[in-house]
Amino acid sequence: MPLAPQELRTYFITSVTASRRRLFQVERNSTLFLDILQEQRHKGRLQLHAFVIMPDHAHLLLTPASDISLEKAMQYIKGGFSFRLKSKLDIWQRSYDSRRITDGLNFERHVTYIHENPVRAKLVPEAALYAFSSAANLHDSFDPIPDHFI
């Protein structure tokens, strides 16, 4: 079955750790997760438009490559992280929440939601101060808004 056209395949994703363990409170784990995201970008499996890695969950705004399903992209991300972490405990809740982005305004609202997440959680006073977020702009770690939303 062919995949939907690329312009219909940008998603807001929330993935939560198993039992809401504060796995990403450990900087090494957050760095590893960010490395996995970047690996998937560099392999051309997805575009990552915005992200935040919170202590017990992550929010991603991504577009899978045209030949990769969302499910496969998430398997690369979650499975890759779990494999490299090598924990004996469960890492992730079994599923993840996904919402398709419908237009440029919806895209921008989700970017804002993602970037403000650490502020709402009182982890930082302003979004740009949270290192494990595309709002910090510390890394070449995210892709621009897809052309079809401009």
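The values are calculated or read from the model by the stated rules, or taken from the named source; none is laboratory data. None of these values were measured; they are calculated from a predicted model. Glycine gets a Cβ as well: all are built from the backbone with ideal geometry, and neighbour counts include every protein chain shown.
Taking the stated definitions as given, is Ala58 under 13 Å from the mean Cα position of the chain (by Cα) and small (Gly, Ala, Ser)? In short, yes. Checked against the criteria, Ile114 does not count as at pLDDT 95 or above and touching a Ser or Thr at 6+ places or on another chain (Cβ under 6 Å). Is there a residue in the stretch 2-12 that is modelled with pLDDT under 95 and under 28 Å from Ala128 (Cα atoms)? The answer is yes, given that some residue of the stretch 2-12 is modelled with pLDDT under 95 and under 28 Å from Ala128 (Cα atoms). Filtered by the rule that a residue be more than 17 Å from the chain's Cα centre (by Cα), touching a residue at least 40 places away in the same chain (Cβ under 8 Å) and in a loop (DSSP other than H, G, I, E, B), the stretch 124-150 gives a lone residue, Ile150. Checking each residue in the stretch 93-112 for being of a type in the set (Phe, Trp, Tyr) and either touching a strand residue (DSSP E or B) at 6+ places or on another chain (Cβ under 6 Å) or free of Cβ contacts under 8 Å to residues at least 60 places away in the same chain (or both) picks out only Tyr96. Restricting attention to the stretch 13-66 and to residues that are modelled with pLDDT of 95 or more and hydroxyl-bearing (Ser, Thr, Tyr), the residue that is nearest to Ile91 (Cα to Cα) turns out to be Thr17. Here the condition is being surrounded by 17 or more Cβ atoms within 10 Å (Cβ to Cβ) and more than 15 Å from the chain's Cα centre (by Cα); of Leu37, Leu23, it holds for Leu23 alone. When Thr112 is tested against (1) hydroxyl-bearing (Ser, Thr, Tyr); (2) surrounded by 15 or more Cβ atoms within 10 Å (Cβ to Cβ); (3) over 20 Å from Leu32 (Cα atoms), exactly one condition is not met: (2). Taking the criterion of being among the aromatic types (Phe, Trp, Tyr) and over 16 Å from Arg9 (Cα atoms), the residues of the stretch 103-150 that qualify are Tyr113, Tyr130, Phe132, Phe142. So in the stretch 67-109, with the set limited to residues that are basic (Lys, Arg) and modelled with pLDDT of 95 or more, which one is surrounded by the most Cβ atoms within 10 Å (Cβ to Cβ)? Going through the qualifying residues, I end up with Lys78.
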